[in-house]
1. Past 31 Å, Cα to Cα, is the threshold; run 365/472; 131/379; 123/472; 393/695; 111/455; 46/131 against it and keep the listed order.
2. Tally Lys/Arg at +1 and Asp/Glu at -1 over every other residue whose Cβ is under 13 Å from the Cβ of residue 687; what's the total?
3. On the accessible surface of the chain, probed at 1.4 Å, how many percent belong to carbon and sulfur atoms?
4. Which distance in Å, rounded to a whole number, links the C-alpha centroids of segment 653-722 and segment 12-30?
5. Within segment 534-641, list the GluC sites (Glu not before Pro) lying in a DSSP loop whose Cβ has at most 14 other Cβ atoms in a 10 Å radius.
6. Order of 150-156, 715-721 by packing, highest average Cβ count within 10 Å first?
7. If you take every residue apart from residue 379 with its C-beta less than 13 Å away from the C-beta of residue 379, what net charge results, scoring Lys and Arg +1 and Asp and Glu -1?
8. Could you compute the net charge surrounding residue 229? Neighbours are other residues with a C-beta less than 10 Å from the C-beta of residue 229; K and R count +1, D and E count -1.
Amino acid sequence: QDEEKWDFVLVSSIHEVGSEKEIKRKKFLDELSKKGFTIKKIEDKKLFYGVRAPTHIFRKYQWLLRNPDSRLQNPNVHQDIPVTTRIRIVNFILQNTVTPDLENLRDLLKKKVFEATFALHEKEEVREFLKQKWARWRDIFCQQPIEKIRCYFGEKVALYFAWLGWYTYLLGFAAVAGLVVFVAGITVFNSSQVSKEICEASNTIMCPLCDQKCPFWLLSDTCTYAKVTHMIDNEGTVLFAMFMAIWATVFLELWKRQRATVVTNWDLYRWDEEEEELAMELINNLEHEPQKYQHSYFRSTIILLLVLVMIAVLIGIAHALVIYRVIATAFFTQSGFEFLREQANTMAVMTGAVLHYITIVIMTKVNRRVALFLCDLEKPRTFSQRENNFTVKIFTFQFFTNFSSLIYIAFFLGRINGHPGNYVRVAGKWRLEECHPSGCITDLFIQMAIIMLLKQTISNVMEYFIPWICYKLRKNKKRPKKRSMMLGEEEEAEDPCKRQWLSNYRLNEVYISSLFDEFLEMVIQYSFTTIFVAAFPLAPLLAFCNNLFEIRLDAIKMMRLYRRMVPRKANDIGIWLQVLEAIGILAVIGNGLVIAITSDFIPVQVYKYTYSPCATENSTDLDCSTGYINHSLSIFRIRDFEPYTKPGLALSRLCRRYRDYRNADDYSYTVQFWHIFAARLAFLILFEHVALCVKLIAAWYVPDVPQSVKNQFLDRKHNNLRKELRWVMPGGAR
């Protein structure tokens with residue numbers, strides 16, 4: 001039975017005898033034979049070559065690394081070494097075997113000498129357990145069998161699912177907190193004094209929203225919008241933003257503890273990746289010389305400049321989205337449909353959000369190609385170094401792709417558009433957008449809600465159904481072969497390997513970056529969940545629901561739809577941890593800016609304690625925010641409109657209102673504007689310092705490594721030293 005276990009399968013088209021491809025294939029297989037590999041050939045519509053490594057390769061590996069899995073006293077190494085380690089070593093040798101023409105397997109795949117290479121999904125006990133107890137939708141609320149995942153897919157995949165499970169578990173607490181804040185906002189839907197004033201402002205006439213065909217409008221027309229804004233923008237939002245800053249830190253600290261416990265149980269806590277890679281290089285080629293560490297300031301400068309150019313392009317795309325919203329707003333306000341005219345700003349934001357999602361989908365593919373090109377320029381020393389460099393670049397590009405537009409809405413929308421009579425214009429024609437009198441935070445809420453919902457529905461549906469459909473098509477395509485089988489092929493069909501190899505070949509190809517893509521998807525989601533969560537308290541709830549499905553979706557893909565992923569050893573999630581810590585700091589800055597700049601929380605507080613009836617008249621009967629709306633609107637004289645603009649017919653020659661703090665005479669900023677500006681700045685500094693201090697305290701309070709793990713290593717060291725001493729005889733001789 002063991003003799004029929006094969007480590008890898010190489011697939012090739014049937015080439016003409018004596019052709020260049022056939023010669024190249026033979027040379028590569030000969031090199032494997034020289035290294036002691038057993039090769040089995042099965043012919044179908046394609047040529048399948050099963051390869052099995054000799055046992056001495058694994059003995060060398062165990063001896064060099066004193067692998068904890070090794071039990072050298074047992075001569076049956078095939079049984080002794082884990083299947084995941086075996087596949088990893090064989091894959092390394094296959095990738096680094098060079099033909100006399102100096103071509104490796106990657107070159108031969110590019111030249112179509114081989115069509116595919118893959119490790120086999122074998123009918124072993126672990127696989128059947130994972131298919132029945134893990135890769136099923138009905139187990140969505142069950143705990144994951146991390147140890148079994150490690151035994152089948154290796155440590156790197158197991159750590160990904162351990163991290164994702166831990167993230168989802170702690171996300172549950174953030175989801176509950178966000179839901180409570182959102183429900184609390186709904187309960188005060190009709191009770192806000194600010195929204196009441198907007199709803200009752202039937203005599204407050206506002207300046208037109210566009211230059212031509214837009215009428216003056218009543219502030220009370222936007223009553224519902226004002227209520228929705230207050231539902232999001234209230235005191236609970238500030239507390240929730242602070243809570244999420246602490247949550248992000250606690251999550252990472254608890255993950256470090258969880259990871260330490262898990263990898264200690266695997267005996268990998270002090271595993272050295274570089275040592276393992278050097279050992280496998282020497283096993284493959286005893287004459288191998290390690291590639292030295294190198295650094296080129298010139299190359300680094302070029303790469304940095306290219307990264308900055310790419311970031312500038314991504315920011316340019318965000319500017320294009322801004323221009324789209326400006327033009328869309330002008331278009332909708334001149335529409336023949338009354339609904340579009342009335343909801344022009346909201347429709348522009350919503351269609352802009354959909355367009356933003358489409359740019360995210362397109363630019364994700366572009367960003368990947370650019371990041372790979374930059375990694376090739378860098379010439380990293382090892383695969384892990386290449387992966388780390390690629391991770392930093394692709395995350396940077398994806399961050400700007402996903403968040404540039406949100407950053408504009410949060411911090412620039414309505415603040416750089418000028419004022420009536422002196423608007424800032426795109427191409428000297430279209431006015432930049434304005435904020436609603438009740439604030440800009442609802443625009444940010446709409447943008448985030450649409451992007452997150454689209455990303456978590458369309459993207460996940462595509463992620464599952466595209467490989468499922470491809471698999472079904474490949475499977476059905478092969479079926480007619482059985483019915484028209486000739487007599488001569490009957491015996492070959494009985495080969496137990498043939499059916500297994502064919503069924504594995506029909507599965508979707510698994511790429512070296514497949515796990516990376518899953519990590520990137522989750523880290524971008526983590527960014528959405530933390531950075532602008534003050535504007536969208538439901539983000540953790542959406543992420544939590546998505547992740548419950550994501551875990552099983554990834555499991556089903558890996559077990560049923562894709563070929564077996566080559567296992568990789570790891571003792572942490574790598575550079576992703578530093579990326580997550582950077583996101584935690586960005587979350588503090590982002591949420592502080594949202595509350596200080598985007599939200600109306602600070603202007604309302606300044607009004608309450610400085611200008612309200614409570615402050616000036618010591619009146620306690622009134623709500624302290626009474627009169628805030630009138631206080632936040634400035635007066636504009638109609639005669640000061642720009643001469644080439646044609647606002648709709650005015651009701652009279654009376655002054656009109658717009659949202660800003662400006663004098664009625666020369667439209668310069670009022671004293672109130674500078675009071676609010678100082679208060680915003682003070683709050684931002686205070687919020688960020690308090691939040692960062694709390695993060696540092698939480699990081700100190702929760703040790704990275706549990707005491708049980710430290711004690712385990714202490715006991716191990718003590719016992720090893722005691723054993724060494726027992727070998728020393730009196731007098732210092734052995």
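1. On the way: 365/472 25 Å; 131/379 40 Å; 123/472 21 Å; 393/695 26 Å; 111/455 36 Å; 46/131 29 Å.
From 365/472; 131/379; 123/472; 393/695; 111/455; 46/131, over 31 Å: 131/379; 111/455.
2. +1
3. Details: 22140 of 36350 Å².
Ligands and nucleic acids excluded, carbon and sulfur reach 61 percent.
4. 63 Å
5. Working: sites: 550, 581, 617; in loops: 617.
Sites meeting the loop and neighbour criteria: 617.
6. Numbers: 150-156: 23.0, 715-721: 10.0.
Ranked by mean Cβ neighbours within 10 Å, highest first: 150-156, 715-721.
7. Values: positive: 292, 299, 381, 386; negative: 376, 378.
With Lys, Arg at +1 and Asp, Glu at -1, the neighbours total +2.
8. Details: positive: 227; negative: 233, 443, 600.
Once all neighbours under 10 Å are counted, the net charge is -2.
The values are calculated or read from the model by the stated rules, or taken from the named source; none is laboratory data. Small disclaimer: the values here were computed from a predicted structure and weren't measured. As a convention, Cβ positions derive from the backbone with ideal geometry for all residues, glycine included, and neighbour counts pool all protein chains shown. All accessible areas refer to the heavy atoms of the entire protein, side chains included, with ligands and DNA or RNA removed. Shrake-Rupley method; radii C 1.70, N 1.55, O 1.52, S 1.80 Å.
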